[in-house]
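Below you'll find the structure, written out as structure tokens, and then a few comments.
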Amino acid sequence: MSTSGTPLTITLLNMNFRAKFERISSKSDIGKQIKNGNKLKLIRSKMVSILLAAIVSFLFGYLCASSSIISWLSSSSSQCLVSYGTYKGPEYSNGQHTLPGSDCLIESPWMAVRRHSVVIDSNTSSTPTVINDWLWIDYHDRVNIVVGMQTSSGSPQVIRVLNQTKYAIPERFQKYPQNLALVGGIIEPNGETPLEAAKREVLEELELVCDTWIGLGGSSDDDDDDGDDGDDSDDGDDDGGGWRDRSGRDWNQNKDAALASVKVGGQPFRTDVNRGIGWVYPFLALDCHDVINDSVKDFVSIATQVGEEDLEHQDTVDLSIEDFAISVKDGLFVEVQWSMSASLALLYIQTND
């Protein structure tokens, strides 16, 4: 009698089939897992390759930024890498020592930071040294004025200065008598002369006009020629004593009427001989007095192209000549250009009594 159709036989056959099916399914799952794992490895490999390529591209771009990218962006004279407004002030170049292709990195209406390529005559080598990453700051030229007030006849003049807060001066040094300042500001880039800027600043900040103006630190009498060609001629300035100062600024450009009130034509001083930051013109103004009427303002061209009214708090301080000298000696004019201008004014006063 056959038992192939018995329930026990059917059950055993079903169990055998299930076991085979499970083995096949297991192998299939393993194969899928291996296949999926290979896909993940491939994806990870591609992601790593893309990331590495991005890093290499970034580094390459960063390294090239100092040459090709910046040069391309600065191919237009008015374009900088970063701009907060257009700088319209003087731009410095030192003849053959400044190679063509200055790159503008960042600018604002107040200044421009540039990268110069500079040729330096070396003390240790017969071959000139070229520095391609010389950072230079073009900044507006400025005026500082020591203001002497009129007093009763025969009395020494009183020096009027300022006590004011400034961002770069720590707060604990900002109160009088620890901090004194001079009247001053930028020379507007609209053709304004140093003397015009000085008169404007005194009028704006102190509401004073001054009868006597003295440019400190040099004289046009000492500059009959430009000093570089041995020519004793006056370079063609036959129309009223015009002259060119060491910054290259021409004081004779339609400004002879303004020069008439200057006893001594002053020379400017470089703020930083390595980084530039403009020139400073120091003045001593004497016989200053209050504005009598608004018509006096016609003598000074008020220019607000760049410079604006000071926002910091300031008070006026009147000092005798003796107290002024003590303040200079004690270093109370804490900014370098204030201290320099005050010292030159004091020397002039002491040697011209």
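The values are calculated or read from the model by the stated rules, or taken from the named source; none is laboratory data. Keep in mind that what you see is a predicted model, and the values were worked out from it rather than measured. As a convention, Cβ positions derive from the backbone with ideal geometry for all residues, glycine included, and neighbour counts pool all protein chains shown. Heavy atoms of the whole protein, side chains included, go into the accessibility calculation; ligands, DNA and RNA do not. Shrake-Rupley method; radii C 1.70, N 1.55, O 1.52, S 1.80 Å.
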### Task
With respect to Asp133, determine if the residue is over 28 Å from Arg249 (Cβ atoms) and assigned to a strand (DSSP E or B).
yes
### Query
Can you pull out the residues in segment 91-108 that are surrounded by fewer than 18 Cβ atoms within 10 Å (Cβ to Cβ) and in a loop (DSSP other than H, G, I, E, B)?
Glu91, Ser93, Asn94, Leu99, Pro100, Gly101, Ser108
### Query
Looking only at residues in segment 231-286 that are under 26 Å from Glu207 (Cβ atoms) and modelled with pLDDT of 90 or more, which one is surrounded by the fewest Cβ atoms within 10 Å (Cβ to Cβ)?
Leu286
### Query
Out of curiosity, is Arg160 of a type in the set (D, E, K, R), in a strand (DSSP E or B) and over 22 Å from the mean Cα position of the chain (by Cα)?
yes
### Query
Do any residues in segment 205-217 that are of a type in the set (D, E, K, R) and modelled with pLDDT of 90 or more have Cβ atoms under 7 Å from those of residues that are in a strand (DSSP E or B) and open to solvent by less than 20 Å² (accessible area, probe 1.4 Å), where the two are at least six apart or on different chains, and which pairs are they?
Glu205/Val183
### Message
Scan segment 294-312 and tell me whether some residue there is in contact with a Ser or Thr (Cβ under 6 Å, 6 or more places away or on another chain) and at pLDDT below 95.
### Response
yes
### Message
I'd like to verify a number: residues in segment 173-200 that are under 17 Å from Val317 (Cα atoms) and either not aliphatic (A, V, I, L, M) or not in a loop (DSSP other than H, G, I, E, B) (or both), how many?
### Response
10
